[in-house]
Amino acid sequence: VNTLKVSKIFSNIISRMAEEFAIGVDLGTTHCCVGVFDPEKNTVDIIENQYGERTTPSYVAFTDEKEIIGKNAKDRVARSPANVVYDSKRLIGRMFKDEYLQHNLSSWCFRLIESEENTPLIQVTKNNMAVTYKPHKISAKLLGYMKKIAEQKKGRKINNAIITVPAYFNYNQRIATRKAAKLAKLHVLKIMSEPTAAALAYVHKNQITDCGNILVFDLGGGTFDVSVISIKGKDITVKATSGNTFLGGRDFDNNLAQFIVEKLKDMYGVDVTKTETAMWRVNCRAEKIKLALSFERSVTLDLPNILNDGREVDLVITRDEFETINAHLFRLCLTTVENCLAQGEVNREDVERVLLIGGSTRIPYLRDMLAEYFNDSDKLAQGINPDEAVAYGAAIEAATFKRDKKTSGQRINEVTPLSLGIDVMGNLMSVVIARNTPIPVSVTKTYVTVSDQQKEMALNVYEGERSLVKYNTKIGTCVITLPLRPPGYPVDVTFSIDANGIFDVGCNTETGLYSKLSIDYEKCVSLKSDDMLQDAINNEAKDERENQVILSWIRLREYCIHVKTLLTYKWEDFKDVDKEWLEATIEETARWVRKNKVREGSEMEESAILNKLEEVQSICKPILEQVGYNASDLSIPELYKLYQDQPLHVHLE
């Protein structure tokens, strides 16, 4: 019995130690890194893996007997490319038909298939059988490995972690990251944005108390984030964030690999893309050439027997060529910086420091470009490892969560990187909380019903920057039961995000009816690459045109609602006119409206809608004027006001 008691006590001590300990994990596209705060040294210990490396390649290889993670997994790609999975961060939380995913399908050696839920599944072969994995399960294996090496180094169990994601990850991607952590048996204290973690690392490592505005330029292996952050005393305040979850060092590698492929085809008449192994060798060599060109002006392509015909390749690649073939990516990086500064209302002259994070920021052209843009090379911050800064900052925040008194105690004030809103008539996006709004925040807007005797209102909540909800990401639905009233019945809708990142949607009516939806919306949020923001920029003209047609369709539908409501609630006023003709016209038009929803926003659609509006108005207007009404002058809320101000004889058919 005593032995059992001692064992139980010891188990409880171990459990408490695990609860009191937390790690910071940078779950990167190409590499992962884990850190633990050391209170004795007041610094972060970046944990080495079994090879003595401080970062681990984000690769998982599958064999018949086991799973291999990290460096050894990456080394297996050349001999078993279809069974080595990487870039899971670029897949997590996405739909299979996502245009960015489809655009990059050919760049992966492993196979992707579509699930019944329209999400991507990674297919590998084990024991001659096809096995599928969801992307977050691959991320879970990476997190489990980082947890394991931290436990081995610290000699204790670890249950808690802060995990970083791109600032521009959307709701679905963050939820998928949480699922991955749960599978890895990690309790997520917080999902933290990578630029904010890097800023915290910079502040802690350099003991900075006041730095004004810093710009975090985070170009990793697979994602790109820019944040404008203000540092004043203990407050780290995010002013604006922007980014692209499909822009990173991998894209520079892919462009260089394609350049090499074309060169080999032109010079030797060999297409290496036809051989999977040869293409992977080119991809690997392209990555190494990119790294070498950060220090050399030219590099020789060293790929023995790549042509597979006895001939050797004599090809030299220069830094100038690398910069030329990636010119559009450099421009995109700078455009994102400009957009972020504009959104944060910060002039470039007011940026005190530019913090370069991610291995790709070692590219000389990028550094020169930023030094020229900010007109001062001294603004490029030194003294922080771009590969480790994010994990370092996450570890500091993890220690703060566990209340270690020796941590900085910085207060982090985040923003919403994507707009939040609801689906309204015409499937338009009505924004409630705009992107880059400081958190915590609460915003209330009033919406009205559009149907007579509407029993409930379903508020479909979306995240994104496009004006039509079909292009944005749906993250939940809040339903409220309503009293039976005419169109125009008001419902107050409140969006709230608290300091812990909990997103609540509440709606209530004047009669006291109330409904609430809680969404675990991470406070540092936010894809769909420059995602959603870049989508909005790229499709601005198209959206404007489609909106114009939808607004015409709404005018026609509202006109039908106005006339129908007057006929229903003011029926006694229509005794001396041709009420039946009015009713028949409105019913026929309402059927036409339901059948002819806007699909493309074409001129033909708009012309048909405007013709129908003119037709119905020509019939209804003279009759309505006989009884003193003009349906065009009444908004839907005013219809309900008529009901409130003048008790009406309700006629329900």
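Using every pair of separate Cα atoms, the Kirkwood estimate puts the hydrodynamic radius of region 415-522 at 14.1 angstrom.
As a proxy for reagent exposure, Phe295, Phe169 were ordered by neighbouring Cβ count within 10 angstrom, fewest first; the result is Phe295, Phe169.
Between Thr446 and Asp314, what FRET efficiency follows from the Cβ-Cβ distance if R0 is 56 Å, with the result rounded to 0.05? That pair, Thr446 with Asp314, gives E of 0.20. The distance between label points at Tyr51 and Leu334 comes to 3.6 nm (points 7 Å beyond Cα on the Cα→Cβ vector).
A straight Cα-to-Cα reach below 20 Å connects Lys290 with the lysines Lys71, Lys74, Lys263, residues fewer than 8 places away in its own chain not being considered. The simple spin-label model puts a point 7 Å past each Cα toward its Cβ; for Glu588 and Thr324 those points are separated by 6.8 nm. Over the chain, the Kirkwood radius and the radius of gyration, each from Cα atoms, give a ratio Rg/Rh of 1.06. Across region 123-224, the mean sequence separation of Cα contacts (distance under 8 Å, 6 or more residues apart), normalised by length, yields a relative contact order of 26 percent. Take the Cβ atoms of Tyr373 and Ala608, set R0 to 41 Å, and the FRET efficiency comes out at 0.25. D by Stokes-Einstein for region 272-352, Kirkwood Rh over Cα pairs, 37 °C, 0.692 mPa s: 210 µm²/s.
Taking a ≥ b ≥ c as the square roots of the eigenvalues of the alpha-carbon gyration tensor, region 540-645 is classed prolate because a/c is 1.5 or more and a/b outweighs b/c. Compactness of region 315-414, taken as the C-alpha radius of gyration over 2.2 N^0.38 Å, stands at 1.35. Approximating the spin labels as points 7 Å out from Cα along Cα→Cβ, the Asp504-to-Arg411 distance works out to 2.1 nm.
List the residues whose amide H sits under 5 Å from the amide H of Val44, counting only those 5 or more places along or on another chain, with H placed 1.01 Å from N in the peptide plane. Answer set, sorted by chain and number: Asp38.
Annotation: the antiparallel percentage among DSSP beta bridges lying fully within the chain is about 80. Projected over every direction and averaged, the convex hull enclosing the alpha-carbon atoms of region 240-293 yields 4.9 nm².
Counting every other Cβ atom within 10 Å of each residue's Cβ, Met604, Met457 order from fewest to most as Met604, Met457. Our note on the geometry: Cα centres of region 264-313 and region 152-167, 38 Å apart.
Between Trp581 and Glu276, the FRET efficiency estimated from the beta carbon spacing at R0 = 60 angstrom works out to 0.25. Could you give the distance between the Cα centres of region 87-143 and region 62-78, to the whole Å? Comparing the Cα centres of region 87-143 and region 62-78, I get a distance of 17 Å.
Strictly over 18 Å apart at the Cα level, which of Lys147/Lys182; Lys89/Lys205; Lys455/Lys579; Lys597/Lys621; Lys579/Lys621; Lys564/Lys621 would you flag in this model? Exceeds cut-off: Lys89/Lys205; Lys455/Lys579; Lys597/Lys621.
FYI, it's all coordinate maths here, none of it is from the lab. These numbers come from a predicted model, not from an experiment. Cβ sites come from the backbone with ideal geometry, for glycine too, and all protein chains shown count toward neighbours.
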